[in-house]
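Only one structure is covered here, and it is reproduced in the block below.
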Amino acid sequence: MKLIMFGPPGAGKGTQADILGRRYGIKKISTGDALRDVIRSGSELGEQVKDLMDQGKFVPDEIVTEIIRDRVSSPDCANGFILDGFPRNLAQAEALVDMGIKVNKALLIDVPDEVLVDRVQGRVMCDKCGASYHLKNNPPAVEGVCDKCGGHLEARSDDRPETVQARLKVYHELTDPVVDFYRNRGVLSEIDGTTSIENTTAEILKILEG
Ligand SMILES: [Zn+2]
């Protein structure tokens, strides 16, 4: 089974990809992990990627595509794979077609932007042990104090609503055309990601297993 996961940051697509990977015995491949693996391998390509990332530059599509091509043709992908974070633009989607890879399903975990902004708002983290809380859904016993270690709870700067909105804007600009690409090919399914992890998984399984 060859699957692609789409979803805005914070929609929980990584979690769903992990669950599906375990259920079907297929490898989850995220672009981030694949890039880190290549860097760790110490190959010439890995050095090149490391240099780019150290300079804060984007790794060009051709390189990302080459790395993903290698990755999906590895023996551990014989049963299939689930891509998370690739393709992230139309050029990468076209490259996947050029590789001769036929995707069974592209799954879009759909969560409206307002809901995502709402979710991160109220998220706080312990500055000592890293435990996370949500002021509404999972509040600490004492406001501002970590239940586990007594550390100080703070919102992370990348959880600010402006930051989240900016991230979502970039996501939509890049990903909406890719989602349309798969919609036009009749392999896209949209799943409501506003409920629970369990419900979202159940929805996905209904689509994949009928
Ligand atoms: Zn703590």
Within 10 Å of each residue's Cβ, count the other Cβ atoms and sort Ser157, Ser43, Ser30 from fewest upward.
Ser157, Ser43, Ser30
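With the cut-off at 1.5 for a/c, could you classify segment 1-87 from its C-alpha gyration tensor as rounded, prolate or oblate?
Numbers: a/c = 2.37, a/b = 1.49, b/c = 1.59.
Oblate is the answer for segment 1-87, as a/c is 1.5 or above yet b/c matches or exceeds a/b.
Do any chymotrypsin sites (Phe, Trp or Tyr not before Pro) in segment 5-66 lie in a DSSP loop with no more than 14 other beta carbon atoms within 10 Å, and if so, which? Present the calculation step by step, with values, prior to reporting the outcome.
Values: sites: Phe6, Tyr24, Phe58; in loops: Phe58.
Here the sparse-neighbourhood loop sites are Phe58.
Exposure proxy check: Lys2, Lys128 ranked by fewest other beta carbons within 10 Å?
Numbers: Lys2 19, Lys128 13.
By the 10 Å Cβ count, ascending, the order reads Lys128, Lys2.
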Highest-MSF residue in the chain out of Asp158, Asp18, Asp54 [GNM, Cα springs under 10 Å]
Asp54
Contour excess over end-to-end distance, with Cα ends at Ser41 and Arg167 and 0.36 nm allotted per residue
42.3 nm
Averaging over all projection directions, find the projected area of the Cα convex hull of the chain and quote it in nm² with one decimal place.
13.2
One finds the C-alpha centres of segment 154-188 and segment 11-51 to be spaced, in Å, by 20
Tell me whether segment 137-210 comes out rounded, prolate or oblate; compute the Cα gyration tensor, take square roots of the eigenvalues as a ≥ b ≥ c, and use a/c under 1.5 as the rounded threshold.
oblate
Normalised convex hull volume, segment 95-187, alpha-carbon set, Å³ per residue
145
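Computed FRET efficiency, Cβ-Cβ of Arg156 and Val59, R0 25 Å: what is it to the nearest 0.05? Before the final figure, lay out each step's value.
Numbers: r = 25 Å, r/R0 = 1.01.
So the FRET efficiency works out to roughly 0.50.
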With labels modelled as points extended 7 Å from the Cα through the Cβ direction, what inter-label distance (nm, one decimal) is found for Arg183 paired with Leu52?
2.9
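Can you tell me the FRET efficiency between Asp76 and Leu174 if r is taken as the Cβ-Cβ distance and R0 is 25 Å, rounded to the nearest 0.05?
Details: r = 28 Å, r/R0 = 1.12.
Result of the calculation: an efficiency of 0.35.
Apply the membrane-span-like helix rule to the chain: whole DSSP H runs, Cα extent along the own long axis of at least 24 Å, mean Kyte-Doolittle hydropathy at least -1.0. List the helices found.
Numbers: long enough: 161-184 (33 Å, -0.64).
Taking the DSSP H segments of the chain (at least 24 Å long, mean hydropathy at least -1.0), we get 161-184.
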Choice from Gly186, Gly85, Gly42 with maximal GNM fluctuation in the chain (Cα, 10 Å cutoff):
Gly42
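Values in this text are rule-based calculations from the coordinates and carry no lab data. Predicted, not measured: the structure shown is a model, and the values here were computed from it. Reconstructed Cβ throughout: ideal geometry from the backbone, glycine too, with neighbour counts over all protein chains shown.
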